[in-house]
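The values are calculated or read from the model by the stated rules, or taken from the named source; none is laboratory data. Computed from a predicted structure; not experimentally measured. Positions of Cβ are generated from backbone atoms using ideal geometry, with glycine treated the same way; all protein chains shown enter the neighbour counts.
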Amino acid sequence: MSDTCLLVLDADPLPRLDRLAGRARVVHADADSLAEQLPAADVLLVWDFLSDAVKHAWPGRGPRPRWVHTPSAGVDRLLPELAASPETYLTNARGVFDQPIAEYVAGLVLAMAKDFRGSWELHRQRQWRHRETMRVGGTRAVVVGSGPIGRAIGRTLMALGVSVDLVGRTERSGDPEFGRVHGNVALGGLLGRADWVVCVAPLTEESRGLFDAAAFARMKPEARFINVGRGQHVIEKDLVDALNEHRIAGAALDVFAQEPLAAESELWEVPGLLISPHMSGDTIGWRDDLAEQFLDNFDRWEAGEPLLNVVDKGLGYVPST
């Protein structure tokens, strides 16, 4: 048995870690026991990636895990506490959710353009009412977030005939797929041209509250907004006002400032808003994919090889190569 201690912050169902038999001592923790067990751990797997327990339990000094892995694309629940531990590697689930989220966004675009919600409601009422719907090909999208998920969204929308402006932290020319990646400073000017505005940016201090009243005011009345990033990217009251006052045509939210969304939230009743419960990347078998990704990285850790998906804790995401 290896002396390596793997501490797992659990959620149901538990990760499949059979490959580690005889290679590591696996210890399980919940939010209450995490702080006590962290100093003895070499590796921490934050299987319950929706928990804030690590932020509260992370030791300010003394022994700490040398490697922390979260099976999530976002790492905001682990920062800034881990940023104060330069000796600790932080890795994420970059790559697992790219195409599932891209398909989800494309589905939302088609559903809103073709008024599937209206068709389902008329079906329920047994009403035959012919309507004209929007053509998706020839429209324009602004995708905010130029990491792998944003790029997958852009590629999938382009396959539908949508022109895509990709927005990242800094401007880059000569992109092989998109020609140019716009910097954040260009976002304000791009919003007024977009039929679809998709947010999939990492949550940083710069992106927190990015979509506020001013951003929605820059959009066309025909524009639709989709957020599959983090709920904190959006000032929800400002979005509610924009929809109620018909300043934009519609929106779809898969993430929220407070999750789960309370039954009494006003968002449930906002006209033109589609709500889903933070599920855009969760396809059948996704937990097994996440466990396999961690185990492949554990093989590298054990062999002394560089880890994959190492997060720059100052930026809050894995830098693109």
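To keep it simple, each residue is scored yes or no on (1) touching a residue at least 40 places away in the same chain (Cβ under 8 Å); (2) under 25 Å from Arg230 (Cβ atoms); (3) exposed (fewer than 15 other Cβ atoms within 10 Å of the Cβ); (4) touching a Leu at 6+ places or on another chain (Cβ under 8 Å).
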residue	(1), (2), (3), (4)
Lys114	no, no, no, no
Glu121	no, no, yes, no
Arg129	no, no, yes, yes
Glu132	no, no, yes, no
Val136	no, no, no, yes
Ala141	yes, yes, no, yes
Ser146	yes, yes, no, yes
Gly150	yes, yes, no, yes
Qualifying positions in segment 102-125 - outside any loop (DSSP other than H, G, I, E, B) and not hydrophobic (A, V, I, L, M, F, W, C): Glu103, Tyr104, Gly107, Arg117, Gly118, Ser119, Glu121, His123, Arg124
Inspect all residues belonging to segment 213-229 and state whether any of them is modelled with pLDDT under 95 and surrounded by fewer than 20 Cβ atoms within 10 Å (Cβ to Cβ). no
Just one of the numbered conditions (1) in a loop (DSSP other than H, G, I, E, B); (2) surrounded by fewer than 21 Cβ atoms within 10 Å (Cβ to Cβ); (3) out of contact with any Gly (no Cβ under 7 Å at 6 or more places or on another chain) is not true of Ser280; which one? (2)
What number goes with the only condition from (1) over 21 Å from the mean Cα position of the chain (by Cα); (2) closer than 24 Å to Leu239 by Cβ; (3) not in a helix (DSSP H, G or I) that Trp128 does not pass? (2)
Farther than 25 Å from Ala84 by Cα, within 15 Å of the chain's Cα centre (by Cα) and charged (D, E, K, R), is that true of Asp282? yes
When residues of segment 253-275 are limited to those that are without any contact (Cβ under 8 Å) to a residue 40 or more places away in the chain and within 30 Å of Leu17 (Cβ to Cβ), the one surrounded by the fewest Cβ atoms within 10 Å (Cβ to Cβ): Pro260
